[in-house]
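Report on one structure; see the data block that follows.
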Amino acid sequence: MQDLIWLLPTYPVLGFLILVLTAGRLPKNIVAIIGAGSVGLSFLTAAIIATQFLSSGEDYFIREVWTWMAVGNFSPGFNFYLDGLSLVMMLVITGVGFLIHLYATGYMADDPSYSRFFSYMNLFIAAMLMLVLGDNLVVLYLGWEGVGLCSYLLIGFWYANPDNGYAARKAFVVTRIGDTAMALGLFLLFAELGTLNIQDMLNSAEAEWKVGDGLAVVAALLLLGGAVGKSAQLPLQTWLPDAMAGPTPISALIHAATMVTAGVYLIARTHILFELAPSVQELVGWVGLITLLMAGFIALTQSDIKRILAFSTMSQIGYMFLALGVGAWSAGIFHLMTHAFFKALLFLASGTVILSLHHEQNIFKMGALRQKLPVSFFSFLVGSLALTAFPYTSGYFSKDEILIAAHGLEGPGMIFFYGGVLGAFLTGIYTFRLFFIVFFGDSNAAHLPEKEYGGWNMNGPLIALIILSLIGGFFAVPLDPVFGQSEEHHVSGLLHTFMVATPLIGIAISFLIFYTKTIPVEKLMVSSFAQTLHKFWNSGWGFDWLYDRLIVFPFLWLARINRADVIDGFYALVVEISRAANGMIVKTQTGYLRWYALSVAAGLIVLITLGVLL
Amino acid sequence: MILVWLISILFIGGIIAWLSERVNPYYPRLIALITVLLECVVMLNLLGAEPATGGWIASIDAAWIPRFGISFYLAADGLSVLLLLLTAFLGVIAIGSAWDEIKDRAGFFYFNLLWTLAGVLGVFTALDLFLFFFFWEVMLIPMYFIIAIWGHENKNYAAMKFFIFTQVTGMLMLVSILVLAYFHSIQSGFVSFNYHDLLTVETYGPLEMWIMLGFFIAFTTKLPSVPFHSWLPDAHSQAPTAGSVILAGILLKTGAYGLIRFAVPLFPEASMSFAPFAMTLAAISILYCAKVAFAQVDIKRLIAYTSVSHMGFVTLGVYAWNEQALQGAVMTMLAHGLSAAALFMLAGGLQHRIHTRNMSDMGGFWGKVPRMAVVVLFFSIAALGMPGLGNFIGEFLALLGAFQVNIPLTVISALGLIFASVYSLWVIQKIFHGEYVNSEFDDNHLTDLTHREMVYYTAMMIGLIWMGMYPQSFLTLSQPVLIDLISSAEGIVTSVVRN
Amino acid sequence: MESIPVEHGLILAVILFSIGLIGVLTRRNIVFVLMSLEIMLNAGGLAFIVAASRWGHAEGQIMFLIILTLAAAEVAVGLGLILQMFRRYKTVDINVLSEMKG
């Protein structure tokens, strides 16, 4: 049965092909069945394969399909590699993916491009599965670019608005920068180690490179470049907030649960390389820390419900990077899984809110939705608790593990720990800021919704995700065979209480500011310093502004001034010189007979003179 | 013999097509189509054949002008066969794109088209250098007519520019050929233009560099590479669609083929020492033309500049001269042949409908012509190197190989991947996304792709997906040739060094 | 009778040739140009005869006959062209014949 692992991406590909070829001619419920059903089939297959694999006790399983290219000693194949890590990823992708597809059958029900939407979504699932299941880095790169493509297609799904197109292109180009770095990393790895098969490559690296070897550092750095692009971390994070222009289900699927976690997967998958380059591994941690704090501050100032969740995602992925940076590989992946649950839950619930309020996304135009939208309310409650690592939710266990591991690290471990705790504090504040403003207080909406949007196909997934967000922390992820036995870390009871309590304090502060209004926001915002800070954080710490001035405007200027191609100008110059010479010489052709006769005579005299002289 | 048949079918077919116009104005295109389809069938024969003598799958060697050592020597190996197949395939596509577009003097048009194809076939198979030059000229002149007679508003300028560029550089190549033959006659006592004989000529130092430059300049003008590329945007944007298809799809590949077959093997030491400069030109081509492409408002000019950019990868691969890089160059040639041809056909189809190539007059077409939008999207994505399609295989392999030879240039060229995404997505944004704009043309004419057009595009899409997902089928054909070329060049280098 | 020195004959030929040449170059009336051309031809013929008599051959006189014939044919054609020109341009000024310029 494990042999059928190739079916996993095949079902969505078939779904994609059927939907593309029928191009909107099928009735909507058939499209829904094909679209969501293909992913559902993938999930069932994945579950069966997972059970089989886990009970077999093997560490890994390889299924070869065909040789993709064979050029000299470069011969990547289309092969599937199943181990604990790819198992977790594949279950998350197909499982959460299926729930989101199901939700989307309801969410997109009124959209005229229903079929196109599901075709893109299916293609995405296929590409993401190839990314996590490939046994060599080239297949991973195939999936990597594939998900980037689908992200572009889906962000710009509502193409009539040029802003969506801009956001889509921004996402694609920014991630492409990271992808190019990653490609260079692949070239380096092949040039030095002779193979891009992941396991072979890692074994060779361990054998040939000592810890801290310059080549390992460069290779790891380049792979990190790819990872930060896809995962929207510093410095390539600017595309994620704009990506919220796409429909909410894709924000849930691509920009929360799966694609943005691809970077985390990449680093985890090639973790041996990073262990060989400790400076880069530490850099991973720093990138994670700075991003998580940065995004936390930004989220405090946002007013669009999806953007808040987007920055929250950026921040949580920062935690995953932090985990990877301190060597807590399993913890990072564990957090990836739990985050997929509660972030998808939050995004889907926000989708219901948005549709119930007729496409309103500004939280300051919401309020008092607690009674009107019960499912969303409960979803947000559970999701927010999990996000802020409320004890015994899934997020609690995963975030806990990361911070404890950070604390156990020598050197920067302390900074990581306290930074992570500060981040948790911020998370508490902004998450519950969102919660209280949207669901409590007075309504600022034009009119309250009559009922909650969506039927069983939208509420069902929400409930499923609620359950997963609650019990997900108790799943035992089979990652030990992949990463080796994880070290046991302990922190003192005092520190542990501090760690657990801080987000709760954040929730409490948020309660005071946004619910009971004991500390009114206006008083906080009185000083001009506070206002500047607000504006600065709201603009994403000015990164868009910086990148525009540094890269975008110079490129546009350079392109514009050379529109006519200066090299062509050189040839035009040649033409002009020819013309000028022509103009000069043609003057000797006067047409006068006597002039010609004179020139004949003159030539004759010259020749005779020369003949006489020489 | 089969090679003579291949070329003759096209020559004869061209003449018949020209003459048949008097009988019925629809006959020329029919006859052209039948000719090229017949060509494809005959060519499939080549695929099954086993390499016979000296690694050639098919060959014919007949004396032509024995006094000067010129023989009628045609031969095909795996590399040539791949390019021949591409030529035949694109010939069908080109005729398809001209089907409705060329009404005026159709007979003469198809005559020119078929004779250009015949010239290209000759270029890909000629192994006598004089014969090679002969076919080089043959492929040039009918193309000049195609642009000059059936082109768009600036056709005379574009046709003349194309002609002069190629002729002048071709003359340089002729000088090089003659000098090479002269040296051969001195060194071995008899005159010959035969490829195998000329391979044994030993030339050194600056002289070898100059002779090689003659070839290099001629081929990089055809490729084209910066700084000899400026004929291309004009020629492509002014040519009729079928002309653009042949130009972009095949004619450019003759330059690359020339580099692989002639320029490097005939002058191994000079090529190796020249390689860094050539690779720098390639990197400049990739980046510079990507930037210029982005600034264009004429679609065809934009696609033309992107062609130059993509062919930069080919040059990069050729001068890296290892197995991955060369295979990458070959795959890029094949994949780019399909993707560029498709994009030019689409641009031409759009121009045929709304009579403008200016992208500022376009916008929001997705809703009106969804099939066309999807097809353009597909080929744009192919052009930016999306894995799963042929262009990725070529570019990835070329960069992989080049990285082993020259890291800084590979890094610079890899940046081209980013720029490719910028201009490809910009095209889609400008034409198909956003608000619907139709102020400059008649709405009713903006019709979606017809079934016949869809057949052509689907064939090309399948081709690209095949190349992307199962490139092994193509790589095995070219592998023995390339390995031979690599090892023979090394052999000559080492033997000279030893001397 | 003492013979005339060769040099004198040749100098006379050169003088005649130059007169003819200057006439061709400076006269505006095309008939006069034609006449000057005749002078040049005759000067050439004279040179031939003088040179031939110096060496005692008869070829010079034969050449002169050829030149005469040539001159006659050329004058016939030339006068025909002049007539055409007159019909077209209504003048015999040589400067009007300049359409081949540029």
Selection from segment C:1-59 of residues within 16 Å of residue C:71 (Cα to Cα) and free of Cβ contacts under 8 Å to residues at least 12 places away in the same chain yields C:32
Being of a type in the set (Phe, Trp, Tyr), closer than 26 Å to residue B:259 by Cα and not in a loop (DSSP other than H, G, I, E, B) is the filter here; which residues of segment B:52-109 pass it?
B:64, B:68, B:72, B:73, B:89
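Hey, among C:19, C:11, C:15, which residue is modelled with pLDDT of 90 or more, surrounded by fewer than 18 Cβ atoms within 10 Å (Cβ to Cβ) and within 30 Å of residue C:91 (Cβ to Cβ)?
Values: C:11 fails: within 30 Å of residue C:91 (Cβ to Cβ); C:15 fails: within 30 Å of residue C:91 (Cβ to Cβ).
When all the criteria are applied, what remains is C:19.
Residues checked against (1) among the aliphatic types (A, V, I, L, M); (2) exposed (fewer than 10 other Cβ atoms within 10 Å of the Cβ); (3) within 30 Å of residue C:25 (Cβ to Cβ); (4) within 10 Å of another protein chain (Cβ to nearest Cβ):
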position: A:566; (1), (2), (3), (4): yes, no, no, yes
position: A:576; (1), (2), (3), (4): no, no, no, no
position: A:585; (1), (2), (3), (4): yes, yes, yes, no
position: A:594; (1), (2), (3), (4): no, no, yes, yes
position: A:603; (1), (2), (3), (4): no, no, yes, no
Any residue at all in segment A:79-89 that is outside the structural domain of residue A:473 (by TED's automatic domain parsing) and open to solvent by 30 Å² or more (accessible area, probe 1.4 Å)?
no
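Looking only at residues that are part of a helix (DSSP H, G or I) and within 12 Å of chain A (Cβ to nearest Cβ) in segment B:345-376, which one is most open to solvent (accessible area, probe 1.4 Å)?
Of everything passing the filter in segment B:345-376, B:371 is most open to solvent (accessible area, probe 1.4 Å).
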Does residue C:101 satisfy being over 16 Å from the mean Cα position of the chain (by Cα), surrounded by fewer than 16 Cβ atoms within 10 Å (Cβ to Cβ) and under 22 Å from residue A:596 (Cβ atoms)?
yes
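Table: residues versus (1) under 25 Å from residue A:140 (Cβ atoms); (2) within 14 Å of another protein chain (Cβ to nearest Cβ).
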| site | (1), (2) |
| --- | --- |
| A:26 | no, no |
| A:30 | no, no |
| A:35 | no, no |
| A:63 | yes, no |
| A:70 | yes, yes |
| A:77 | yes, yes |
Hits in segment B:410-439 - residues which are more than 7 Å from chain A (Cβ to nearest Cβ) and open to solvent by 20 Å² or more (accessible area, probe 1.4 Å)
B:412, B:419, B:426, B:430, B:436, B:437, B:438, B:439
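Within segment B:387-409, count every residue that is of a type in the set (S, T, N, Q) and within 11 Å of chain A (Cβ to nearest Cβ).
Residues of segment B:387-409 of a type in the set (S, T, N, Q): B:391, B:404, B:406.
With the extra rule that they be within 11 Å of chain A (Cβ to nearest Cβ), the set shrinks to B:404.
Number of matching residues: 1.
Looking at A:191, A:160, A:183, which one is assigned to a helix (DSSP H, G or I), at the interface with chain B (Cβ under 7 Å from one of its Cβ atoms) and open to solvent by 10 Å² or more (accessible area, probe 1.4 Å)?
One residue alone meets the criteria, A:191.
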Is it fair to say residue B:225 is within 14 Å of chain A (Cβ to nearest Cβ), surrounded by 15 or more Cβ atoms within 10 Å (Cβ to Cβ) and either farther than 22 Å from residue B:274 by Cβ or under 20 Å from the mean Cα position of the chain (by Cα) (or both)?
yes
Looking at (1) within 28 Å of residue B:283 (Cα to Cα); (2) open to solvent by 10 Å² or more (accessible area, probe 1.4 Å); (3) in contact with an Asp or Glu (Cβ under 9 Å, 6 or more places away or on another chain), find the lone condition where residue B:188 falls short.
(1)
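Listed residues B:326, B:316, B:302, B:259; which is within 28 Å of residue B:128 (Cβ to Cβ), modelled with pLDDT of 90 or more, buried (at least 24 other Cβ atoms within 10 Å of the Cβ) and within 14 Å of chain A (Cβ to nearest Cβ)? Don't jump to the end; show me each part of the working.
Values: B:316 fails: within 28 Å of residue B:128 (Cβ to Cβ); B:302 fails: within 28 Å of residue B:128 (Cβ to Cβ); B:259 fails: within 14 Å of chain A (Cβ to nearest Cβ).
After ruling out the rest, the residue left standing is B:326.
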Can you tell me which of A:344, A:368, A:331 is more than 17 Å from residue A:467 (Cβ to Cβ), under 20 Å from the mean Cα position of the chain (by Cα) and in the same structural domain as residue A:503 (by TED's automatic domain parsing)?
A:331
Criterion violated by residue A:206 - all others in (1) within 13 Å of another protein chain (Cβ to nearest Cβ); (2) open to solvent by 20 Å² or more (accessible area, probe 1.4 Å); (3) out of contact with any His (no Cβ under 8 Å at 6 or more places or on another chain) satisfied:
(1)
Among A:116, A:176, which is the only one that is basic (Lys, Arg) and within 8 Å of chain B (Cβ to nearest Cβ)?
A:176
Residue A:165 fails exactly one of (1) over 26 Å from residue A:70 (Cα atoms); (2) open to solvent by 30 Å² or more (accessible area, probe 1.4 Å); (3) within 10 Å of another protein chain (Cβ to nearest Cβ); (4) of a type outside the set (Phe, Trp, Tyr), namely (2)
Quick one: residue A:448 ticks every box in (1) touching a helix residue (DSSP H, G or I) at 6+ places or on another chain (Cβ under 9 Å); (2) open to solvent by 50 Å² or more (accessible area, probe 1.4 Å) bar one, so which box is it?
(1)
Need a quick list: helices (runs of 4 or more DSSP H) entirely within segment A:1-112 having at least 3 residues that are within 30 Å of residue B:475 (Cβ to Cβ).
A:7-22
So how many residues does segment A:507-556 have that are of a type in the set (Ser, Thr, Tyr) and outside any helix (DSSP H, G or I)?
4
Name every residue in segment B:131-168 that is farther than 28 Å from residue B:347 by Cα, more than 17 Å from the chain's Cα centre (by Cα) and open to solvent by less than 10 Å² (accessible area, probe 1.4 Å), in order of residue number.
B:131
Check residue B:179 against each of (1) open to solvent by 10 Å² or more (accessible area, probe 1.4 Å); (2) assigned to a helix (DSSP H, G or I); (3) closer than 29 Å to residue B:331 by Cα; (4) not aromatic (Phe, Trp, Tyr) and name the one condition it does not meet.
(3)
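Test residue B:342 against the stated conditions and say whether it is assigned to a helix (DSSP H, G or I), in contact (Cβ under 8 Å) with a residue 12 or more places away in the chain, small (Gly, Ala, Ser) and more than 20 Å from residue B:96 (Cα to Cα).
no
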What do you reckon, is residue C:11 more than 10 Å from the chain's Cα centre (by Cα) and hydrophobic (A, V, I, L, M, F, W, C)?
yes
Where residue B:428 falls short, out of the listed (1) modelled with pLDDT under 90; (2) touching a helix residue (DSSP H, G or I) at 6+ places or on another chain (Cβ under 8 Å); (3) farther than 22 Å from residue B:320 by Cα
(1)
Among the residues of segment C:88-97, are any of a type in the set (D, E, K, R), under 22 Å from residue A:597 (Cα atoms) and more than 19 Å from the chain's Cα centre (by Cα)?
yes
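The values are calculated or read from the model by the stated rules, or taken from the named source; none is laboratory data. Keep in mind that this is a model prediction, so the values were computed, not measured. Here the Cβ is made from the backbone with ideal geometry for all residues, glycine too, and neighbour counts use every protein chain on show. Ligands, DNA and RNA are stripped out before the accessible areas are found, and what is left, the full protein with its side chains, is counted by its heavy atoms. Shrake-Rupley method; radii C 1.70, N 1.55, O 1.52, S 1.80 Å.
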